[in-house]
Amino acid sequence: MNASERNKRAIEIITHEAARFIAEEAGSGSLITVVRAQSVSKGERVLVFVSVFPEEKAPAALAFLDRKRKDFSEHLKTHTRLHGLPRIDFMLDNREETENATEER
């Protein structure tokens, strides 16, 4: 397996485990869904993009995920065989908003 395939597989694992972690840890006040993950800085950092419903709860959900970032890294260490874990950051996915704005034009 070459480096590109390994990176792609690591992103898939992180995406899956992020969804699992959020399902276990998040409360019932909002629905947080992992949309995708993206590797940046040559794999040293991974951005996990989420959507939040209702949208008004997005700031609180992102604050929750930011507080739980260290716990998520521990979750990855115990539930995966990934080595050299990247820094994980959670971000709101606004791709859908961008697509809707484009369609309205």
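None of the figures in this text is laboratory data; all of them are computed from the coordinates on show. Not measured: the values here are computed from a predicted model. Here the Cβ positions follow ideal geometry from the backbone for every residue, glycine too, while neighbour counts run over all protein chains shown.
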Only Cα pairs under 8 Å and at least 6 apart count here; give the relative contact order of the chain as a rounded whole percent. 26
Whole-Hz ³J(HN,Hα) from phi, Karplus 6.51 cos²θ - 1.76 cosθ + 1.60, for the stretch 80-92, glycine and proline x: 9, 10, 6, 10, x, 4, x, 6, 9, 10, 9, 9, 6
Residue exposure sequence - 1, 91 - by fewest surrounding Cβ within 10 Å: 1, 91
Between residue 73 and residue 53, what is the spin-label point distance in nm, taking each point 7 Å from the Cα along the Cα→C-beta axis? 3.3
What FRET efficiency would be calculated for the residue pair residue 30, residue 6, taking the C-beta separation as r and a Förster radius of 41 Å, to the nearest 0.05? 0.75
Dipole of the chain, positive end: most advanced residue of 50, 83, 35 [Cβ charges, Cα centre]: 83
Within the set 83, 75, 16, GNM on the chain using Cα springs under 10 Å gives the largest fluctuation to 83
Taking the chain and counting helices only, DSSP H stretches of n ≥ 4 at -39,500 (n - 2.57) each over all residues, the nearest-500 ellipticity at 222 nm comes to -16500 deg cm²/dmol
Between residue 35 and residues 5 or more places away or on another chain, the pairs with built amide H atoms under 5 Å apart involve 49, 50, 51
For the chain, what is the charge dipole size about the Cα centre, in debye to the nearest 20, if Lys and Arg each add +1 at the Cβ and Asp and Glu each add -1 at the Cβ? 680
Sparsely packed trypsin sites (Lys or Arg not before Pro) within the stretch 1-103, loop by DSSP, other Cβ within 10 Å at most 13: 42, 81
Excluding residues on the same chain fewer than 8 positions from residue 68, give the lysines whose Cα lies under 20 Å from its Cα. 57, 77
Among (1) 1.39; (2) 1.13; (3) 1.02, which one is Cα Rg over 2.2 N^0.38 Å computed from these coordinates? (2)
Using Cβ counts within 10 Å as a stand-in for footprinting exposure, how do 4, 39, 73 rank, fewest first? 4, 73, 39
